Number of protein chains: 2
Amino acid sequence: MKYNEAKDKFIHTWGTLGSSWGISRTMAQVHALLLISPDPLSTEEVMEELKISRGNCNMTIRDLMDWGLVFKELKAGERREFFRAEKDIWKVAKQIIKERRKREIEPVLGILEDLKKMEGNKGDKKHKALVDAVTNIESVVEKADFALDRAIKLDENALVGALFKLFK
Amino acid sequence: MKYNEAKDKFIHTWGTLGSSWGISRTMAQVHALLLISPDPLSTEEVMEELKISRGNCNMTIRDLMDWGLVFKELKAGERREFFRAEKDIWKVAKQIIKERRKREIEPVLGILEDLKKMEGNKGDKKHKALVDAVTNIESVVEKADFALDRAIKLDENALVGALFKLFK
DNA sequence: AATATCTTTCAATTTATTTTGAAAGTTCAG
DNA sequence: CTGAACTTTCAAAATAAATTGAAAGATATT
């Protein structure tokens with residue numbers, strides 16, 4: 001396999017993986033491209049490499065910046081903006097966990113808390129089944145949330161070392 | 001909030017959460033409905049409750065069974081099939097982790113392994129950046145995979161207890 | 001073996017998401 | 001201030017994904 005083939009396969013694989021995890025294909029591909037670029041790229045270069053439009057490229061890069069995965073880089077004497085991705089994958093993983101926790105887990109916990117306050121006959125089978133499900137989900141989600149919160153505060157080696165000891 | 005309102009909100013919340021994690025809204029909603037049903041439901045009942053078509057209902061339930069989240073239940077003297085969901089959320093979480101590991105992580109590890117074998121000039125900046133990224137991702141994914149593999153072999157209390165001790 | 005009941009399939013349709021590209025907006029050098 | 005270089009926006013178009021429903025396929029019942 002030649003470099004160009006490997007590069008395309010990498011970008012393609014990352015894109016496919018992204019779309020099965022709720023990230024748009026293009027967003028994952030731009031991220032992949034920046035991940036393997038030794039130097040920061042301009043909007044123009046990303047557009048050309050991935051054959052996507054200016055508007056799409058701009059919005060995708062903005063999204064990646066919102067996620068804290070890509071950063072603006074200014075080059076001395078250059079008018080245009082360049083972008084680089086965080087290359088340390090453990091940092092990338094931590095950042096994704098942090099954002100998804102904030103965007104998805106926290107709001108759901110709030111809603112579940114409300115649902116438990118439902119009025120009605122506590123003896124009713126259906127009522128009980130709903131409260132049970134909510135209570136059970138809340139408990140698992142809170143524990144997972146706790147674990148993730150701690151995980152992102154450790155560095156990769158500390159975490160993996162600890163887990164290894166724990167599970168051996 | 002009345003029971004019916006709470007039920008709808010629960011189903012809606014689960015559906016929304018599902019779609020941001022690569023699961024179709026309907027699949028998550030059917031799962032939610034079965035989660036809070038004290039008794040198994042027939043295809044007909046699910047169709048009616050969620051206002052979805054027969055075909056959609058059938059395929060969605062089949063997918064949920066493929067994921068190991070929903071099971072057929074036969075009622076004595078009844079011709080039609082009934083379905084129930086696993087109610088223990090920790091088991092549900094383990095099952096989802098197990099399936100996603102098999103469906104998504106394992107194939108990606110294989111592809112990454114191939115990519116590292118790329119031919120070409122090892123001194124080239126671009127070549128090196130790609131190999132570095134792949135190596136780095138592989139290392140993080142393998143460690144996460146290892147941790148998840150162990151996690152699904154523990155029960156909820158053992159895992160949470162261990163994590164708590166670990167992180168305190 | 002004919003009928004009734006229930007399940008599955010899949011082409012057509014609908015709905016949702018992503019992408020485009022031209023126009024408007026911004027910024028900066030001269 | 002003006003114009004060139006670059007960025008952002010967003011309505012329309014293209015694409016992808018989910019859904020429908022009628023027909024075909026099973027399977028049990030009489």
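All of the numbers you see were taken from the coordinates with simple rules; none came from a lab. Here the structure is a predicted model, which means the values were calculated and not measured. All Cβ positions, glycine included, derive from the backbone under ideal geometry; neighbour counts span all protein chains shown.
Relative to one another, the C-alpha centroids of the stretch B:4-39 and the stretch A:67-97 are positioned 36 Å apart. For the stretch A:68-154, GluC sites (Glu not before Pro) meeting the loop criterion (DSSP other than H, G, I, E, B) and having at most 12 other Cβ atoms within 10 Å: A:E78, A:E119.
Here is how far apart the A:N136 label points are across copies: 4.2 nm, shortest first, using a point 7 Å from Cα toward Cβ. Out of A:N58, A:G123, A:S20, whose Cα points farthest toward the positive end of the dipole of the protein assembly as shown (charges: +1 Lys, Arg; -1 Asp, Glu; placed on Cβ)? Looking along the dipole axis, the top candidate is A:G123.
Roughly how many debye, to the nearest 20, is the charge dipole of the stretch A:3-85 about its Cα centre, given +1 on each Lys and Arg Cβ, -1 on each Asp and Glu Cβ, and no other charges?
Values: 11 positive and 12 negative charges, 25 e Å.
Using Cβ point charges on Lys, Arg, Asp and Glu, the stretch A:3-85 gives about 120 debye.
Once both labels are positioned 7 Å from their Cα atoms along Cα-to-Cβ, the gap between B:R25 and B:E81 label points is 2.6 nm.
A helix-only calculation puts chain A at -21500 deg cm²/dmol for mean residue ellipticity at 222 nm, using -39500 (n - 2.57) for each DSSP H run of at least four residues, averaged over all residues.
Roughly what percent of Cα-Cα pairs across chain B reach past 26 Å? Let's see the in-between values first.
Numbers: 6798 of 14028 pairs.
Tail of the P(r) past 26 Å holds 48 percent of the pairs.
Would you work out the Kirkwood radius for the stretch A:89-167? I mean one over the mean of 1/r across all pairs of different Cα atoms, in Å. Don't jump to the answer; show the numbers that get you there.
On the way: mean 1/r = 0.0681 Å⁻¹.
So the Kirkwood estimate lands at 14.7 Å.
Most simply put, the protein assembly as shown has about 100% antiparallel DSSP beta bridges, counting only bridges with both residues inside it.
Computed from label points 7 Å out along Cα-Cβ, the spacing between A:K72 and A:S139 is 4.9 nm. Annotation: amide H-H contacts under 5 Å for A:F83 (H modelled 1.01 Å from N, sequence separation of 5 or more, or interchain): A:L41, A:S42, A:E73.
FRET efficiency for the pair B:D8 and A:E99, taken as 1/(1 + (r/R0)^6) with r the Cβ-Cβ distance and R0 = 25 Å, rounds to 0.30. Ascending distances from the A:K91 label point to its copies in the other chains, with the point 7 Å along the Cα-to-beta-carbon line: 4.3 nm.
Choose one of B:S139, B:H31, B:W67: the residue whose Cα lies farthest towards the positive end of the charge dipole of the stretch B:1-157 (beta-carbon charges +1 Lys, Arg; -1 Asp, Glu; about the Cα centre). Of B:S139, B:H31, B:W67, it is B:S139.
Relative to the other identical copies, A:W21 shows label-point distances of 1.4 nm, where the label point lies 7 Å from Cα along the Cβ direction and values run shortest first. Within the stretch A:1-35, the trypsin sites (Lys or Arg not before Pro) that combine a DSSP coil assignment with at most 16 other C-beta atoms in a 10 angstrom radius are A:K2.
Using the Kirkwood formula over every pair of different C-alpha atoms, what hydrodynamic radius in Å results for the stretch B:3-85?
Taking every pair of different Cα atoms in the stretch B:3-85, averaging 1/r and inverting gives 12.8 Å.
Given Cβ point charges of +1 (Lys, Arg) and -1 (Asp, Glu) and nothing else, what value in debye, to the nearest 20, does the dipole of the protein assembly as shown about its Cα centre take?
In total the dipole reaches around 440 debye.
Taking every Cα-Cα distance in the protein assembly as shown and sorting them into 20 Å bins from zero, the calculated P(r) comes out as 26, 51, 21, 2, 0 percent.
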